[in-house]
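The values are calculated or read from the model by the stated rules, or taken from the named source; none is laboratory data. Since the model is a prediction, treat every value here as computed from it, not as a measurement. Cβ placement follows ideal geometry from the backbone for every residue including glycine, while neighbour counts extend to all protein chains displayed. Calculation scope for accessible area: heavy atoms of the full protein, side chains included, ligands and nucleic acids excluded. Shrake-Rupley method; radii C 1.70, N 1.55, O 1.52, S 1.80 Å.
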Amino acid sequence: DLGKVVVIVDIADGNRVLVENPGTGFPRVLYPLRRLGLVNLVVPGILRGARTGNVKKACEKFELTAKWEKTSESKKMQLRAKRASLTDFERFSVMINRKNKAFK
Amino acid sequence: ARRANILLFISKSLSFSLSFEPAMGERGSRNPLLPGGVSRYSRSKMFARRASYKKRKTVAVAAKQPEPRFTSKQVRGEKNGSTRNVPVRASTKMYPTEDTRPKLKNRKINKPTRLRKSIQPGTVLILLANAHRGKRVVFLKQLTSGLLLVTGPYRVNGCPLRRVDQTYVIATQTKVDISNVNIPERVDDAYFRRQAKARKSKAEGEMFEEKTAGYKASDERKADQKAVDAAILASVKKTPELLWYLRAKFTLHKGQYPHQMAF
């Protein structure tokens, strides 16, 4: 689940919340807060305990995926993923380019 | 009458079920698998179903002539009689003191070494051991011994045409176009085998001093190297970064863990 975006729908207790993202197919589950990080996005129009249908509508109206992609957090995650997947040659090219950039 | 009816009923039901099962045979297995991983028919039933005893043709085996146990051999000398009966197979002179078990037969079969899928002709490999460790070289082909034939190219990183073991190599995803490369026929495992040093007759003063001559590449090797590298260099030089890449050695830096890296 690492890196997935969900919307908090209800709060169970001090440790767990009910989350969901119908847009990406993330199920409606109780999730420990320890494993969640807050993102500076609030989807308006979701009342406490809102059902999946309404959550979906609200997320679509808010364009959650697009807004998430714009955040710096999302960009950093993409960058990290890209760096991890670089092949040996790509890593070499990155090094050359950085050196060239510094030289200029 | 009732009993007969029941028997008829049972036999009918049996024949009923039998007629539903296809004989298969030519099309496939005569022994369908039931749920639970159990075969429908037992060994004896299958023997009857296969009826290979009906199909088998007996080949007339020519009667084997028994091997003669004794032959007569000519003996020289006047008083020795002209011939002597000598056994064809001499009895052993050696009788071991302890009974030993006969050794088990060696049933090993040497199979050709499997080449990793990631290693294709033209793949850039990172050598991990020996003189050229850290160098990025181009893979040419797998030799019959299972070892990989690689080349630097020599002018790029000093690695000549060389044999390398698959296990001491990291295959990268980078490929060089070697479709124009013609590897000479003579380049095979025997080509790379070490030559046994001819033993010099020891002179008095040369007892302890052994002047080992350094390795010198034969003209044959130089010619082959040139021939193979020419085509590779042509395709490598098209992208200057690829040339620099082959020149550079691979090293691990801080925070780099091979199991977390893609190559």
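Give just the number: which of (1) modelled with pLDDT of 95 or more; (2) loosely packed, with under 15 Cβ neighbours inside 10 Å does A:Ala58 not satisfy?
(2)
One line per residue, one yes/no per condition, for (1) assigned to a loop (DSSP other than H, G, I, E, B); (2) within 14 Å of another protein chain (Cβ to nearest Cβ); (3) on the phi > 0 side of the Ramachandran plot:
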{"site": "A:Val17", "(1), (2), (3)": "no, no, no"}
{"site": "A:Arg34", "(1), (2), (3)": "no, no, no"}
{"site": "A:Val42", "(1), (2), (3)": "yes, no, no"}
{"site": "A:Ile46", "(1), (2), (3)": "yes, no, no"}
{"site": "A:Gly53", "(1), (2), (3)": "no, no, no"}
{"site": "A:Glu60", "(1), (2), (3)": "no, no, no"}
{"site": "A:Lys76", "(1), (2), (3)": "no, no, no"}
{"site": "A:Phe92", "(1), (2), (3)": "no, yes, no"}
{"site": "A:Asn100", "(1), (2), (3)": "no, yes, no"}
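Residues of region B:50-106 being within 30 Å of B:Ser29 (Cβ to Cβ), open to solvent by 100 Å² or more (accessible area, probe 1.4 Å), of a type in the set (Ser, Thr, Tyr) and modelled with pLDDT of 85 or more, which ones? Show your work before the answer.
So in region B:50-106, the residues within 30 Å of B:Ser29 (Cβ to Cβ) come out as B:50-59.
Then drop every residue that is not open to solvent by 100 Å² or more (accessible area, probe 1.4 Å), which leaves B:50, B:53-59.
If we keep only those that are of a type in the set (Ser, Thr, Tyr) as well, we get B:53, B:58.
Once the filter is applied, which keeps residues that are within 30 Å of B:Ser29 (Cβ to Cβ), open to solvent by 100 Å² or more (accessible area, probe 1.4 Å), of a type in the set (Ser, Thr, Tyr) and modelled with pLDDT of 85 or more, region B:50-106 yields only B:Tyr53.
Kindly indicate whether A:Glu73 is among the acidic types (Asp, Glu), at pLDDT 95 or above and within 16 Å of the chain's Cα centre (by Cα). Spell out the reasoning first.
Details: among the acidic types (Asp, Glu): yes; at pLDDT 95 or above: no; within 16 Å of the chain's Cα centre (by Cα): yes.
No: the conditions fail for A:Glu73.
For region A:17-27, give me each residue that is more than 13 Å from the chain's Cα centre (by Cα) and surrounded by fewer than 17 Cβ atoms within 10 Å (Cβ to Cβ).
A:Gly25, A:Pro27 - these are the residues of region A:17-27 that are more than 13 Å from the chain's Cα centre (by Cα) and surrounded by fewer than 17 Cβ atoms within 10 Å (Cβ to Cβ).
Looking for whichever is more than 27 Å from B:Lys222 (Cβ to Cβ) and without any contact (Cβ under 8 Å) to a residue 12 or more places away in the chain here; the options are B:Arg133, B:Arg114. Which one fits?
On inspection, the qualifying residue turns out to be B:Arg114.
Here are some residues: B:Val164, B:Val137. Which one is among the aliphatic types (A, V, I, L, M) and closer than 14 Å to B:Val236 by Cβ?
B:Val137
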